[in-house]
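Engineer: I'd like to ask you about the structure that follows.
The values are calculated or read from the model by the stated rules, or taken from the named source; none is laboratory data. This structure is a prediction, so every number in the text was calculated from the model and none was measured. Ideal geometry is used to build each Cβ from the backbone, glycine not excepted, and the neighbour counts take in all protein chains shown.
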Amino acid sequence: MKPLEQITPQLASLGEEPYYQPVGDEVALFDAAATKRLPVLLKGPTGCGKTRFVEYMAWKLQRPLVTVACHDDLTTADLVGRYLIVGDDTVWLDGPLTAAVRAGAICYLDEIVEARKDTTVVIHPLADTRRVLAVDKRGELVAAPPEFMLVISYNPGYQSVLKEIKPSTRQRFVALEFDYPGAEVEARIVATEGGIQPDLARKLVKLGELTRNLKGSGLDEGASTRLLIHAAQLIDAGMTPAAASTAAVARALTDDPEMTQTLDDLVRAVF
C-alpha cells in the first residue's frame, strides 16, 4: 500500500496565470457567483475551454482548485472519503470533495453526467443554502467556508435519456453556456497556445470549422479548439501543417474509413 501522504487528495497550486481568452461575460458572471457563494454549471462541447476557464478563475480568485474527472464507477466514497488500513492503524482519508470543502477551495466536477446518480446526490446540500457536506461514515456534517465553491460541467451534445442532469440537481446551479469562440478569437488562442504564426492558426481554425459542419453527418463532434492547439503544437515541433492536422485532427476524430477519407480531403484542401 502507498504511504498515506502519497494518497491524500492534493490541492492544485495556484502557480502562474493560465492563459484564457474571454469570449463574453463569463468572467464577470463567475465572479458574481463566487461573491454570492452560488454554485456554477458549465455546459458546452468537448474541448471548448471549460476546464481552462475554471483554472483561470481559480487563479484570478486566488483559491486552490480540486478537479475530479467523473466516470461511471465514481462512488460516493470516492468523492467523500473512506477508512483505510495503513500499517497497523485504521485511518480516515478525505475524498477530493471533502478536502476541497475543508480547504475552502473550488471543487470542479468535470462531466458530471458520467457519474452515477446515487453519487451526485451527495452534492445537493452543498449546492443550496445549507452549504454542508454529509460525511455519513463519520457521522459528520462539514460546513463549507465562504471561500468554497462548487463547479460542475457537462457536454449537452452527448446528453441522452440515461445521461442527463436531473432537474433537482440542475436547478441548484447558475448556468454558463460555452461554445467554440469566433474564428478570429479562436485563431488567436490557437496561435498563442500552439506557438505558431497567425496565418497558420487561421488555416487550422478554418479546418476546424469545416469538420464541425460535419457534425451529425458522420461525426459526433467536430474538431475542438483543444485538437487545433494540438495540431499547432505539432507544427511548432517541426511537422508539416498537413501531417500535423492529419494526426491531431483527422485521425483523432474518427475511425470510419469513409469519414477518414473525407477529413483527409479537407486537410488537403486547407493546406
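Engineer: Within region 189-234, restricting attention to residues that are part of a helix (DSSP H, G or I) and without any contact (Cβ under 8 Å) to a residue 12 or more places away in the chain, which residue is surrounded by the fewest Cβ atoms within 10 Å (Cβ to Cβ)?
Structural biologist: Going through the qualifying residues, I end up with Asp199.
Engineer: Give me a count of the residues in region 235-254 that are part of a helix (DSSP H, G or I) and more than 22 Å from the chain's Cα centre (by Cα).
Structural biologist: Of the residues in region 235-254, the ones part of a helix (DSSP H, G or I) are 235-236, 241-253.
Now drop any that are not more than 22 Å from the chain's Cα centre (by Cα), which leaves 235-236, 241-247, 250-251.
Qualifying residue count, region 235-254: 11.
Engineer: For residues in region 154-172 being assigned to a loop (DSSP other than H, G, I, E, B) and modelled with pLDDT under 80, which is surrounded by the fewest Cβ atoms within 10 Å (Cβ to Cβ)?
Structural biologist: Val161
Engineer: Okay, moving on. Could you list all residues from region 129-143 that are assigned to a loop (DSSP other than H, G, I, E, B) and out of contact with any strand residue (DSSP E or B) (no Cβ under 8 Å at 6 or more places or on another chain)?
Structural biologist: Hits for region 129-143 are Thr129, Arg130, Gly139.
Engineer: Among the numbered criteria (1) touching a Phe, Trp or Tyr at 6+ places or on another chain (Cβ under 6 Å); (2) surrounded by fewer than 16 Cβ atoms within 10 Å (Cβ to Cβ); (3) not aromatic (Phe, Trp, Tyr), which one does Pro241 miss?
Structural biologist: Here Pro241 meets the rest and fails (2).
Engineer: Moving to a separate point now. Would you be able to tell me the number of residues in region 46-62 that are touching a strand residue (DSSP E or B) at 6+ places or on another chain (Cβ under 9 Å) and either surrounded by 19 or more Cβ atoms within 10 Å (Cβ to Cβ) or of a type in the set (S, T, N, Q) (or both)? Write out each step before concluding.
Structural biologist: Initially, region 46-62 is screened for residues touching a strand residue (DSSP E or B) at 6+ places or on another chain (Cβ under 9 Å), giving 50-51, 53-55, 57-59, 61.
Those left that are additionally either surrounded by 19 or more Cβ atoms within 10 Å (Cβ to Cβ) or of a type in the set (S, T, N, Q) (or both): 50-51, 53-55, 57-58.
Matching residues across region 46-62 total 7.
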